[in-house]
Each structure stands twice: as C-alpha cells, then as structure tokens.
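The values are calculated or read from the model by the stated rules, or taken from the named source; none is laboratory data. These numbers were taken from a predicted model, which means no experiment stands behind them. Cβ sites come from the backbone with ideal geometry, for glycine too, and all protein chains shown count toward neighbours. Accessible surface is based on the protein model in full, side chains and every heavy atom, while ligands, DNA and RNA are left aside. Shrake-Rupley method; radii C 1.70, N 1.55, O 1.52, S 1.80 Å.
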Amino acid sequence: MNFNKLLIKAINASIEGGHAIMDVYASDFAVELKDDKSLLTLADKNCNEVIEDHLKGTDIPFLSEEGAKIIYEDRKDWEYFWLVDPLDGTKEFVKRNGEFTVNIALIENQKPIIGVIFVPVTGELYFSSKEIGAFKVAV
C-alpha cells in the first residue's frame, strides 16, 4: 500500500471538502437535528459526499459521522479504514465563528497512521503519517 499516495488523496479530499463547506457557509443555510439531537447542515452532507468520492477509489472502507451507519460486527475485523468527520464543529459553523475543521484519518489495526485536519476559514492544513512525520501548511 502506498501511504504517501493515500495521504495526498486525503489532503485533496479535505481541501475540496472544505471548499464545499465554505460554499454553504456563505449562504443562508438551514439547520437540522439528527436523531441524537446534534446539529446537521448541508455543509456536513456536501463535505461528506466530496470526501467519500475522493476516497472510494482506494478500496479502503469508509466510516463517517455523516455516512451510512455500519454496525460493529461488520467492521470489527477491518485491517484498514478511513475515519472521517467531514465537519467537526457544526455548532461553531452555525455560529459562524470559523472554528470548525475537516478531519480524515486512515486507521490500521485500530491505530491512526495518516491524519489530515483542514481549517477551511483560515486555509491551515495539518497532516501527518507514520512515514513522514507531521506538518502544518497554508493552502
């Protein structure tokens, strides 16, 4: 498995997902409540779709806060999976204070080996992998 290519794919997914969030952020958006009473917006959904589209070509399972619910029995033996929170900080997004992120991790045997955090409002990108270390850049 080429982890550097997977990292680049996750970085691109987070940036494009962040742009999808900002498109909604600039609009008069609606807010829904999920079954657990947490907030949900079109930005959550759109970003999730963008990220899933980027990562589905990796043939690695995708587990997201906003995606299809996959029961533990079906995922407990996954060696690898993408763990995604497409819009971490929906309450802050709704408050329009800019304090929200796009989060993507690649998990191997229950441990993160790749991590990407993108802050759409500031353009700050944090990323890491077990092979190259951790970095912060502006995009």
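Based on what the data block shows, is residue 27 more than 29 Å from residue 135 (Cβ to Cβ), open to solvent by less than 80 Å² (accessible area, probe 1.4 Å) and among the hydroxyl-bearing types (Ser, Thr, Tyr)?
Here the answer is yes, as residue 27 does meet what is asked.
Checked against the criterion of being more than 16 Å from residue 14 (Cα to Cα), surrounded by fewer than 18 Cβ atoms within 10 Å (Cβ to Cβ) and of a type in the set (Gly, Ala, Ser), the candidates 57, 67, 133, 123 yield just one match: 133. When region 32-45 is filtered for residues that are outside any helix (DSSP H, G or I) and either acidic (Asp, Glu) or more than 16 Å from the chain's Cα centre (by Cα) (or both), the ones remaining, listed by number, are 32, 33, 34, 35, 36, 37, 38, 39.
When region 91-120 is filtered for residues that are over 23 Å from residue 3 (Cα atoms) and crowded, with 18+ Cβ neighbours inside 10 Å, the ones remaining, listed by number, are 93, 100, 120. In the set (1) over 17 Å from residue 4 (Cα atoms); (2) surrounded by 12 or more Cβ atoms within 10 Å (Cβ to Cβ); (3) at pLDDT 95 or above, residue 79 fails one condition alone, (2).
This table checks each residue for (1) free of Cβ contacts under 8 Å to residues at least 12 places away in the same chain; (2) touching a Gly at 6+ places or on another chain (Cβ under 6 Å); (3) within 23 Å of residue 120 (Cα to Cα).
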position	(1), (2), (3)
1	no, no, no
36	yes, no, no
40	no, no, yes
45	no, no, yes
71	yes, no, no
75	no, no, no
78	no, no, no
81	no, no, no
102	no, yes, yes
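Tell me, please, whether a residue that is of a type in the set (Asp, Glu), modelled with pLDDT of 95 or more, closer than 28 Å to residue 108 by Cα and not in a loop (DSSP other than H, G, I, E, B) can be found in region 17-31. Step through it out loud before you land on a result.
Taking region 17-31 and keeping what is of a type in the set (Asp, Glu), we get 23, 28.
Within this subset, residues satisfying the condition of being modelled with pLDDT of 95 or more are 23.
Narrowing the set further to residues that are closer than 28 Å to residue 108 by Cα leaves none.
Within region 17-31, not a single residue is of a type in the set (Asp, Glu), modelled with pLDDT of 95 or more, closer than 28 Å to residue 108 by Cα and not in a loop (DSSP other than H, G, I, E, B).
None of 109, 97 is at positive phi and more than 11 Å from the chain's Cα centre (by Cα) except 109.
Filtering region 47-66 to residues that are under 11 Å from the mean Cα position of the chain (by Cα) and free of Cβ contacts under 8 Å to residues at least 40 places away in the same chain leaves 48, 49, 50, 52, 62, 63, 64, 65, 66.
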